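Structure, as structure tokens:
The values are calculated or read from the model by the stated rules, or taken from the named source; none is laboratory data. What you see is a predicted model, and the numbers here were worked out from it, not measured in a lab. Note: ideal-geometry Cβ built from the backbone for every residue, glycine included; neighbour counts use all protein chains shown.
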Amino acid sequence: MNEKEDVLDNGPFFHGTKAELKIGDLLEPQHLSNYQDKKSNYIYFTATLDAAKWGAELAKSKSKERIYIVEPLGKFDNDPNLTNKRFSGNPTRSYRSKSPLKIIAELGSWERHSDEEINHMLSSLKKLSEEGKNVIYD
């Protein structure tokens, strides 16, 4: 866990995905990214349910959307892909770590974004990709 003086956020922390995991499993970096065709150097997580929902809804897979409550097992930093880049500050409370995240629990139920909101987000991401602006600093 982060040293007390280094803590950016006390959580709770969430990870949205379509992967089926069990309590106690570890999420680790160096696995294929849900958003790019490469291995990710970091594991990403958030302290807001809304950002976790987007993670689950936008992940590449036909599997069930899931949101896990996670515990960072090492130091973590603000996610530079969102912090002060797409949003001023870190309103999504999004973070990344090179250390594992431990699955503490799975949210049993949560309300998805509307199909309209999801389609709008997918269209926006497609446009960014077409413009070459979908860079993820990993």
### Where a residue in region 1-24 is modelled with pLDDT under 70 and its partner, wherever it lies, is in a loop (DSSP other than H, G, I, E, B), with Cβ under 8 Å and at least six apart
1/73; 1/74; 2/8; 2/74; 2/75; 2/76; 6/75
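Sort out which residues of region 44-97 are among the hydrophobic types (A, V, I, L, M, F, W, C), at pLDDT 90 or above and closer than 22 Å to residue 122 by Cα, and write them in order of number.
In the first step, residues of region 44-97 are kept if they are among the hydrophobic types (A, V, I, L, M, F, W, C); the result is 45, 47, 49, 51-52, 54, 56, 58-59, 67, 69-70, 73, 76, 82, 87.
Applying the additional criterion that residues be at pLDDT 90 or above yields 45, 47, 49, 51-52, 54, 56, 67, 69-70, 73, 76.
Of everything in region 44-97, those that are among the hydrophobic types (A, V, I, L, M, F, W, C), at pLDDT 90 or above and closer than 22 Å to residue 122 by Cα turn out to be 45, 49, 51, 52, 54, 56, 67.
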### Query
How do the pairs read when you match residues in region 106-121 that are under 24 Å from residue 45 (Cβ atoms) and at pLDDT 90 or above with residues anywhere that are part of a loop (DSSP other than H, G, I, E, B) and not basic (Lys, Arg), using Cβ under 8 Å and keeping only pairs 6 or more apart or on different chains?
106/21; 106/23; 112/65
